[in-house]
1. Determine the sum of side-chain charges near T53: Lys and Arg each +1, Asp and Glu each -1, restricted to other residues whose C-beta is under 15 angstrom from that of T53.
2. Full extension from K38 to S61: what is 0.36 nm times the residue separation minus their Cα-Cα distance, to one decimal in nm?
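No lab work stands behind these numbers, since they all come straight from the coordinates. This structure is a prediction, so every number in the text was calculated from the model and none was measured. Ideal geometry is used to build each Cβ from the backbone, glycine not excepted, and the neighbour counts take in all protein chains shown.
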Amino acid sequence: MLRNRLFLKSSLVAGVAFVVVATGPLAAAESPAGAPAKLVEVAGSPFPRVVLTEQAAKRLSIQTEALREETAKRG
């Protein structure tokens with residue numbers, strides 16, 4: 001009987017610890033303070049614009065270029 005109680009208590013503690021550890025990064029990712037990106041609604045579009053912080057863009061090695069227009073040829 002004592003073994004069953006000990007097993008149940010240790011299982012409960014392990015389960016609670018797992019939930020706390022597993023949801024910790026998720027809660028931090030949803031935090032707006034210090035977030036590496038934010039979504040901005042674009043009028044007339046169902047898709048939001050993603051705006052990265054400078055540090056996030058460097059970490060992802062994202063490079064931007066000036067917009068240009070070119071004629072494409074069909075092959």
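1. Numbers: positive: K38, R49, K58, R59; negative: E54.
Surrounding charge for T53 is +3.
2. On the way: separation 23, 0.36 × 23 = 8.28 nm, distance 1.78 nm.
This chain segment gains 6.5 nm when fully extended.
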